[in-house]
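Comments concern the structure below.
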Amino acid sequence: MTSLLLDDAISAPPAGALVLVVGPSGAGKDTLMDAARAALAGEAHFRFARRLITRPAMAGAEDHDSCGEAAFAAAEARGELALSWRAHGLSYGIPAAELLPVAQGRVVVANVSRAAIREAERLAERAVVVNVTAPPMVLAKRLAVRGRESEADIAARLAREAPLAAERAEIVTILNDRTVAEAAGDLIAVLRKLGRQGDQPSR
């Protein structure tokens, strides 16, 4: 299920677009992004931003760059992060270099916090928010299965309210309570729509 943006609400864009993938813990953002990355592999118009997180890489979790808090703070101080935020006791950042392809006419996809939308949408002339969500019972089950949080932590994550406070970005909602192929298909359709509308990438 997607909101009205798939066919009609994406207006004629400037070159390039920044796609901000957001949603509650357990919604399956990483899974859908992994599926989209695989489906779009080899297509030069699309880039998936790699995040910097103060958490060690773990099997089955997001593939990211890891560092300690001191190194993260130093990267922020040097202006190396286009966007950074804190959540669940960790620091997250999007390196500025990861967003450079937007200026070359490419579609860059980034996994960001809902609380960071206002700041993130200012990083590109064209920004689209993809809100991945699922019913609360589905979220709770997925969080329990991945085994990274206690029951109390899961309850706290589910209780966390973070409205989609976008000022100018268009918003698509994907309800991820179906198969991965079906929900990922919606995400891929949004990205391909943006890719078709954008200018050809600079060479």
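Odds and ends about this structure:
- Charge dipole magnitude, Cβ of K and R +1, D and E -1 - the chain, Cα centre, debye nearest 20: 120
- Per-selection Kirkwood Rh - the stretch 12-53 (Cα, Å, 1 d.p.): 12.1
- Dimensions (Å) - the stretch 59-170, Cα atoms, principal axes, largest first: 42, 35, 23
- Sparse-neighbour loop sites [chymotrypsin sites (Phe, Trp or Tyr not before Pro); the stretch 42-150; at most 10 other C-beta within 10 Å; DSSP]: none
- Label-point separation in nm, residue 148 to residue 115, each point 7 Å along Cα→Cβ: 1.7
- Mean-square fluctuations from a GNM of the chain, with a 10 angstrom spring cutoff on Cα atoms, peak among 154, 174, 94 at 154.
- Look at the alpha carbon pairs under 8 Å that are at least 6 residues apart: their mean separation over the length of the chain gives a relative contact order of 37 percent.
- Per-residue ³J(HN,Hα) for the stretch 189-194, Karplus 6.51 cos²θ - 1.76 cosθ + 1.60, θ = phi - 60°, Hz, x for Gly and Pro: 5, 4, 5, 5, 4, 5
- Size of charge dipole - the stretch 20-85 - debye, nearest 20, with Cβ of Lys, Arg +1 and Asp, Glu -1, no other charges: 80
- Counted residue by residue at 0.36 nm each, then reduced by the alpha carbon distance between them, the extension gain from residue 141 to residue 156 reaches 4.0 nm.
- Using the rule -39500 (n - 2.57) for each DSSP H run of four or more residues, divided by the residues of the chain, the 222 nm mean residue ellipticity is -9000 deg cm²/dmol.
- Using a Gaussian network model of the chain in which every pair of alpha carbons under 10 angstrom is joined by a spring, one finds that among 49, 103, 73 the greatest mean-square fluctuation is at 73.
- Scalar couplings 3J(HN,Hα) for the stretch 143-152, obtained by applying the Karplus form with A = 6.51, B = -1.76, C = 1.60 to θ = phi - 60°, are 5, 5, 5, 6, x, 9, 10, 6, 4, 5 Hz; x denotes Gly and Pro.
- In the elastic network of the chain, a GNM with C-alpha springs shorter than 10 Å, the most mobile of 183, 77, 115 is 77.
Coordinate-derived values only; no laboratory data. Remember, it's a predicted structure, so these values are computed and weren't measured experimentally. Because the Cβ atoms are built from the backbone with ideal geometry, glycine has one as well, and the counts that use them run over all protein chains shown.
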